[in-house]
Amino acid sequence: MKRVVIGLSGGVDSSVAAYLLQREGYEVIGLFMKNWHDDSVTISNECPWLDDSNDAMLVAEKLGIPFQTVDLSEEYKARIVDYMFAEYERGRTPNPDVLCNREIKFDVFMKIALDLGADYVATGHYCRKGMIHKDGKDIYQLLSGIDTNKDQSYFLCQLSQEQLAKSLFPIGELTKPEVRKIATELDLVTAEKKDSQGLCFIGKVKLPDFLQQQLKPKEGFIVEIPEDEPVFSNVETEFNSTESKLEYLSRKIIYKEDWGKVVGKHQGAHYFTKGQRKGLGVGGTVEPLFVIDTDVEKNIIYTGQGKQHPGLYKKALFVANDELHWVREDLALQLDETMHVKARIRYRQALEKATLYKVDMGLYIEFENLQSAITEGQFVAWYINDELIGSGVIS
C-alpha cells in the first residue's frame with residue numbers, strides 16, 4: 001500500500017479527496033495545516049481555523065484515518081505574509097494563493113509528509129495530473145480540472161516537476177456537484193459547508209485592515225484621468241523590430257497629476273490595485289470610477305470613468321527572467337523563439353489566445369484581444385489545450 005498524506009482543510013473538497021484515495025487502496029493520513037492565529041484581522045465567524053481543524057478531525061474520524069495538526073504559521077508569515085507586505089509596498093498586487101501552494105502546501109508541508117514516509121501528497125484541488133514519457137524520462141503534466149467552472153490549475157501554476165511527481169489530485173475528474181453528492185452520501189460534516197473565501201488559510205480578510213498592520217495609512221489624492229487624454233490617442237504604429245513593438249504594447253504609462261483633476265482623497269495608494277472599483281468613496285460621476293494606476297512613491301491613485309476606460313487596457317505584458325517558470329521545462333522557449341498558447345492573467349478568467357516571445361531579458365506575451373487591468377505582481381499562466389505549461393509574475 002502506498003502511503004498518502006492529504007492536506008485536510010476542513011472543507012468538502014479535501015474531505016472527499018481523502019475518501020477517494022482510501023477507496024483506491026492507499027494508506028491515508030490526514031494533516032491539518034495551521035497557518036494563522038491572528039483572528040483580529042479576519043471577519044468574525046468567517047472561516048476561523050479552529051472550526052476548520054475541528055471539521056477536518058471529524059472527517060478523519062468518520063473515515064477512520066489518522067489525523068494530526070501541524071503548525072506552519074512561522075513559515076507562512078515569513079514566506080507569504082511578509083512577501084505580501086513587501087509587494088504592496090512596491091505598488092504591486094501579489095497573489096498569495098499561488099505562493100501558498102508553491103511555498104507552503106507543496107514545499108514545507110510536502111517535506112513534513114515525506115518525513116512521515118509518504119509516497120505522495122494529496123490536496124482537494126480541481127485539477128489533474130498527467131504523465132508522458134519523453135527522451136527516456138517521465139514528464140508530469142498539470143492539467144485543468146474537468147469542472148471548468150471550478151478549475152484551479154491556475155493556483156498551481158508555479159509547481160515544479162519534482163513537486164508534481166509527488167502530488168495527487170483525487171477530485172480533478174469530478175465536478176463540484178458530484179463532490180457534494182459523495183460527501184452527502186457519506187454523511188460527512190463538510191457536505192454542505194460553504195467554500196472558504198479570502199486569503200489562503202487566513203479566511204475572509206479585510207485587506208486594508210490586514211495591510212495596516214504593517215503599511216501605515218497615509219492620506220493622498222485620487223485623480224481622475226479623462227478618456228480623451230492625448231496619451232491614449234497618440235498611438236505608435238511604426239517599429240523597427242518585433243521586440244520594440246512588444247516593449248511599446250506592454251509599456252506602463254507614467255501618469256501626471258495635471259492630466260486630470262483631483263476628485264477625492266484616500267488613505268494609502270498601496271491599499272489599492274489596478275481595476276479596483278470598490279473602496280474609492282467617490283460619488284457624483286456619470287460612470288463608476290476604476291483604478292487605472294497607483295503611484296506609491298507620490299501616493300496618488302489614478303482613476304478613470306467606466307470599465308471601458310482606455311487606461312485599463314493593454315495588449316501585451318512582460319515577465320522578467322527571474323520570475324519566469326516553466327512547469328514543462330522541456331517546452332521552455334530559447335532566445336528568439338515564439339509559441340502560440342492560451343493564457344490567463346487571473347483566476348477564473350476565460351483563456352485568451354496569445355503568443356509568447358522569448359527575448360534576452362525575459363518573455364513577452366502578446367494577446368490577440370486587449371486585456372483589462374493587467375496588474376504587476378499578479379501571475380500570468382499559459383496553456384496548450386488543457387495543459388498548463390508555464391507561468392510568471394507580471395512585471
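The values are calculated or read from the model by the stated rules, or taken from the named source; none is laboratory data. This one's a predicted model, so the numbers in the text were calculated from it and none came from an experiment. Note that we place each Cβ from the backbone using ideal geometry, even for glycine, and neighbour counts take in every protein chain shown.
Taken together, G281, G264, G306, G311 contain a single residue that is touching a Gly at 6+ places or on another chain (Cβ under 7 Å), at pLDDT 95 or above and more than 25 Å from N95 (Cβ to Cβ), which is G264. Contact map, segment 283-294: residues that are more than 14 Å from I222 (Cα to Cα) paired with residues that are charged (D, E, K, R), Cβ distance under 9 Å, separation 6+ or inter-chain. Pairs shown: E287/K307.
For segment 38-54, state whether one or more residues are within 30 Å of G377 (Cα to Cα), modelled with pLDDT of 95 or more and out of contact with any Cys (no Cβ under 7 Å at 6 or more places or on another chain). No, segment 38-54 contains no residue that is within 30 Å of G377 (Cα to Cα), modelled with pLDDT of 95 or more and out of contact with any Cys (no Cβ under 7 Å at 6 or more places or on another chain). No other residue among I254, I292, I222 is modelled with pLDDT of 95 or more, exposed (fewer than 13 other Cβ atoms within 10 Å of the Cβ) and closer than 22 Å to Y88 by Cβ apart from I254.
Every residue, every condition in (1) more than 25 Å from the chain's Cα centre (by Cα); (2) buried (at least 22 other Cβ atoms within 10 Å of the Cβ), yes or no:
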site	(1), (2)
G275	no, no
G281	yes, no
T285	yes, no
P288	yes, no
V296	no, no
N299	yes, no
Q308	no, no
G311	no, yes
A320	no, no
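For E247, indicate whether it is part of a helix (DSSP H, G or I), surrounded by 12 or more Cβ atoms within 10 Å (Cβ to Cβ) and in contact with a strand residue (DSSP E or B) (Cβ under 9 Å, 6 or more places away or on another chain). Yes; evaluated as a whole, the condition is true for this residue. Tallying residues that are in a helix (DSSP H, G or I) and surrounded by fewer than 22 Cβ atoms within 10 Å (Cβ to Cβ) within segment 85-95 yields 4.
Residue-level analysis places L280 outside the set of residues that are in contact (Cβ under 8 Å) with a residue 24 or more places away in the chain, within 22 Å of Y248 (Cβ to Cβ) and of a type in the set (A, V, I, L, M).
Within segment 225-244, restricting attention to residues that are outside any loop (DSSP other than H, G, I, E, B) and surrounded by 12 or more Cβ atoms within 10 Å (Cβ to Cβ), the residue that is nearest to the chain's Cα centre (by Cα) is E243.
Here L335 meets the list (1) touching an Asp or Glu at 6+ places or on another chain (Cβ under 7 Å); (2) outside any loop (DSSP other than H, G, I, E, B); (3) not basic (K, R) almost entirely, failing just condition (2).
Residue-wise test of (1) out of contact with any Ser or Thr (no Cβ under 7 Å at 6 or more places or on another chain); (2) surrounded by fewer than 17 Cβ atoms within 10 Å (Cβ to Cβ); (3) closer than 21 Å to P310 by Cα.
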| residue | (1), (2), (3) |
| --- | --- |
| Q334 | yes, yes, no |
| E337 | yes, yes, no |
| N369 | yes, yes, yes |
| G392 | yes, no, no |
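Would you confirm whether any residue within segment 80-97 is modelled with pLDDT of 95 or more and among the basic types (K, R)? The answer is no, given that none of the residues of segment 80-97 is modelled with pLDDT of 95 or more and among the basic types (K, R). Among the residues here, R344 qualifies as over 22 Å from E89 (Cα atoms) and surrounded by 18 or more Cβ atoms within 10 Å (Cβ to Cβ). Before we move on, is V59 β-branched (V, I, T), modelled with pLDDT under 95 and crowded, with 19+ Cβ neighbours inside 10 Å? Against the criterion (β-branched (V, I, T), modelled with pLDDT under 95 and crowded, with 19+ Cβ neighbours inside 10 Å), V59 does not qualify.
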